[in-house]
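So the structure is just underneath, and the comments pick up after that.
The values are calculated or read from the model by the stated rules, or taken from the named source; none is laboratory data. This structure is a prediction, so every number in the text was calculated from the model and none was measured. Don't worry about glycine lacking a Cβ; one is built from the backbone with ideal geometry, like all the others, and counts go over all protein chains shown.
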Amino acid sequence: MKGSTKTSAVRGIQGKCDEPYSSYDEEHFAQDNEEMCRLQRSGMKAVILCDVRSSYNVGASFRTCEGAGVDMLYLAGYTPHPIDRFGREVAEIKKTSLGASTMVPWTAADDIEALILKLQSQGVTVVAVEQTPHSISLYDFTVPDNVVYIFGNEITGVLPEVVELCDHAIEIPMAGRKESLNVSVTVGIVLFQK
């Protein structure tokens, strides 16, 4: 998106980079690849927010990711970015992230399928957080050394075609009548599970 800022894994670990970008593509992935490989040697934890519509949920997820030590946050599909297309900070994300949106390395990912396949080719385990007939309880899941969790839209969740690409699907067992939790709450529960 013209005029936006990009935070890459390479530069984003030290802070936000004011470098224009259009989308997460092969060029950006190549820039991030060296840093991703370094992180994988010591264990990498990343998050993909896919088609999350609420800027408040994105901001809260940034704050949670910072607190959990997430190495990279991918904003996929129509998930709002901390910087809008005019180069302005998005007030709702800034408010709910309490500054974490400038601390957590993030990048846009227009092609979720290409991103998943690229991460898998680098030895990263991709885990959809979604209720499916084959998903396992979060509490029975052994967290791999290099993992990326995908969280989906507030209403529709992670799309079935995206779940199919993943190595695992996990879910949080619900004790009440509601079938799910707010996406930002789910991010927190999953990231802090050992």
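Restricting attention to region 154-181, report how many residues are aliphatic (A, V, I, L, M), within 18 Å of SER54 (Cβ to Cβ) and surrounded by 10 or more Cβ atoms within 10 Å (Cβ to Cβ). Steps first, please.
Taking region 154-181 first, the residues aliphatic (A, V, I, L, M) are 155, 158-159, 162-163, 165, 169-170, 172, 174-175, 181.
Then keep just the ones that are within 18 Å of SER54 (Cβ to Cβ); that gives 155, 158-159, 181.
In the following step, the residues that additionally are surrounded by 10 or more Cβ atoms within 10 Å (Cβ to Cβ) were identified as 158-159, 181.
The qualifying residues number 3.
Taking the condition of being among the β-branched types (Val, Ile, Thr) and without any contact (Cβ under 8 Å) to a residue 60 or more places away in the chain, how many residues in region 156-184 meet it? Can you show your working first?
In the first step, residues of region 156-184 are kept if they are among the β-branched types (Val, Ile, Thr); the result is 156, 158, 162-163, 170, 172, 183.
The next check asks that each one be without any contact (Cβ under 8 Å) to a residue 60 or more places away in the chain; those that pass are 163, 170, 172.
Count: 3.
Inside region 122-172, can you point out the residues that are farther than 18 Å from SER184 by Cβ and of a type in the set (Val, Ile, Thr)? Quick ask: steps written out before the conclusion?
Filtering region 122-172 for residues farther than 18 Å from SER184 by Cβ gives 122-126, 132-137, 139-147, 159-169.
Result: VAL124, THR125, VAL126, THR132, ILE136, THR142, VAL143, VAL147, VAL162, VAL163.
For region 177-193, does any single residue satisfy the condition of being under 21 Å from PHE62 (Cβ atoms), assigned to a loop (DSSP other than H, G, I, E, B), in contact with a Leu (Cβ under 9 Å, 6 or more places away or on another chain) and at pLDDT below 95?
Yes, region 177-193 has at least one match.
Please determine, by comparing only the residues of region 120-137 that are outside any strand (DSSP E or B) and either free of Cβ contacts under 8 Å to residues at least 40 places away in the same chain or aromatic (Phe, Trp, Tyr) (or both), which one is surrounded by the fewest Cβ atoms within 10 Å (Cβ to Cβ). Reasoning before the result, please.
First, pick out the residues of region 120-137 that are outside any strand (DSSP E or B): 120-124, 130-135.
Okay, now just the ones that are also either free of Cβ contacts under 8 Å to residues at least 40 places away in the same chain or aromatic (Phe, Trp, Tyr) (or both), so 121, 132-135.
Details: SER121: 8, THR132: 16, PRO133: 5, HIS134: 7, SER135: 18.
Restricting to residues being outside any strand (DSSP E or B) and either free of Cβ contacts under 8 Å to residues at least 40 places away in the same chain or aromatic (Phe, Trp, Tyr) (or both), the top hit is PRO133.
Can you spot a residue in region 78-96 that is within 18 Å of GLY43 (Cα to Cα) and in contact (Cβ under 8 Å) with a residue 12 or more places away in the chain?
For region 78-96, residues within 18 Å of GLY43 (Cα to Cα) and in contact (Cβ under 8 Å) with a residue 12 or more places away in the chain: absent.
Residue under question is VAL143, and the condition is that it be within 17 Å of MET72 (Cβ to Cβ), out of contact with any helix residue (DSSP H, G or I) (no Cβ under 8 Å at 6 or more places or on another chain) and either in a helix (DSSP H, G or I) or in contact (Cβ under 8 Å) with a residue 24 or more places away in the chain (or both); does it hold?
On the way: within 17 Å of MET72 (Cβ to Cβ): yes; out of contact with any helix residue (DSSP H, G or I) (no Cβ under 8 Å at 6 or more places or on another chain): yes; either in a helix (DSSP H, G or I) or in contact (Cβ under 8 Å) with a residue 24 or more places away in the chain (or both): yes.
Here the answer is yes, as VAL143 does meet what is asked.
Tell me yes or no: at least one residue of region 107-118 is in contact (Cβ under 8 Å) with a residue 24 or more places away in the chain and over 16 Å from the mean Cα position of the chain (by Cα).
Within region 107-118 (the criterion being in contact (Cβ under 8 Å) with a residue 24 or more places away in the chain and over 16 Å from the mean Cα position of the chain (by Cα)), the answer is no, since none of the residues qualifies.
Tell me whether region 78-101 contains one or more residues that are touching a strand residue (DSSP E or B) at 6+ places or on another chain (Cβ under 7 Å), surrounded by 20 or more Cβ atoms within 10 Å (Cβ to Cβ) and under 23 Å from GLN193 (Cβ atoms).
Yes, there is a match, as at least one residue in region 78-101 is touching a strand residue (DSSP E or B) at 6+ places or on another chain (Cβ under 7 Å), surrounded by 20 or more Cβ atoms within 10 Å (Cβ to Cβ) and under 23 Å from GLN193 (Cβ atoms).
What do you reckon, is LEU115 in a loop (DSSP other than H, G, I, E, B) and closer than 23 Å to SER55 by Cα?
Values: in a loop (DSSP other than H, G, I, E, B): no; closer than 23 Å to SER55 by Cα: yes.
Answer is no for this residue.
Is there a residue in region 33-47 that is within 19 Å of LEU117 (Cβ to Cβ), at pLDDT 95 or above and either assigned to a helix (DSSP H, G or I) or touching a helix residue (DSSP H, G or I) at 6+ places or on another chain (Cβ under 6 Å) (or both)?
Within region 33-47, one or more residues are within 19 Å of LEU117 (Cβ to Cβ), at pLDDT 95 or above and either assigned to a helix (DSSP H, G or I) or touching a helix residue (DSSP H, G or I) at 6+ places or on another chain (Cβ under 6 Å) (or both).
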